[in-house]
Amino acid sequence: MAEFALQVAADEAVSEVTIEDAALWVLEDGTTGPWAEARELFHRARQAWRAGDPDRAAQLARAARLVLAEALIERRGEEGLDALESHVEIIVERLDEAADEYARSGALRDHLLELLAESRELRGAGELTAAAERLILALGIADHMRHRFEDAVRDAEAYATRAVAAAERVYGRVDEAIGPDAGPRIEHALAHARELTRRANAALDRGAWRRAIVLSRRSIGWSLHALRLFVA
């Protein structure tokens, strides 16, 4: 797992979207407070990676994730942890049908399941922030392995275009299935998915392919999370 965690620590597109996604979910400005602190820690992690100090990079990246985890737990409590766990479970469930979206999908599944187990153990011990950090790492690993997929490397523009189209398609289907007056939690999740898709399209327009891929993946996660809440 250390290999995957280090790769994520050096991935600017993933770290930026991770911060943006978290701040957007709690309706806060992602440029101040804990979000700015996490961004600085991720930046320092990338610097350590480039300087040939992977241990320091891993420490700084974990510190950044803990800042994000603490902020989410403070603002959303166990609901925040539930949502993170739901997102990771959705990726694991979809890996069979979406194996052609991820590099090393078999190893990815193993790592995600391991992180889920660690998170549940920590949660059972009352360590909610530590549990959330494990799930934030899991989502980051999945994001990183998606834009490392062969097609994304070979033709990033085409892959990003398909990824954004998929996010739009999933959002549209889920929104139609749920219908109006679904309740505040579901409506909030759908609004979040819609905004992430808008940002993915904006990234596509300016040629930020990796950012568009990660944003589209996060949007799909929120759409499917909303559907889970609806059918629960």
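The values are calculated or read from the model by the stated rules, or taken from the named source; none is laboratory data. These figures come from a predicted structure and were not determined experimentally. Cβ sites come from the backbone with ideal geometry, for glycine too, and all protein chains shown count toward neighbours.
Miscellaneous remarks
- When each of L128, L135 is tested for being surrounded by fewer than 22 Cβ atoms within 10 Å (Cβ to Cβ), at pLDDT 95 or above and touching a helix residue (DSSP H, G or I) at 6+ places or on another chain (Cβ under 7 Å), the lone residue that passes is L128.
- Taking the stretch 188-232 as the range and being of a type in the set (F, W, Y) and either buried (at least 19 other Cβ atoms within 10 Å of the Cβ) or touching a Cys at 6+ places or on another chain (Cβ under 6 Å) (or both) as the test, the residues that pass are W209, W222.
- Some residue of the stretch 156-174 being touching a helix residue (DSSP H, G or I) at 6+ places or on another chain (Cβ under 7 Å), surrounded by fewer than 13 Cβ atoms within 10 Å (Cβ to Cβ) and farther than 17 Å from I19 by Cβ: yes
- Scanning the stretch 43-58 for residues that are crowded, with 16+ Cβ neighbours inside 10 Å and of a type outside the set (K, R) turns up A45, A48, W49, P54, A57, A58.
- The listed residue being modelled with pLDDT of 95 or more, surrounded by fewer than 20 Cβ atoms within 10 Å (Cβ to Cβ) and assigned to a helix (DSSP H, G or I), out of E79, E20, E70: E70
- Neighbours by Cβ (under 6 Å, 6+ apart or cross-chain): first from the stretch 214-228, of a type in the set (V, I, T); second in a helix (DSSP H, G or I) and buried (at least 24 other Cβ atoms within 10 Å of the Cβ): V214/V14; V214/V17; V214/D143; I220/A167
- Qualifying residue in the stretch 164-174 (condition: assigned to a loop (DSSP other than H, G, I, E, B) and farther than 22 Å from L81 by Cα): no
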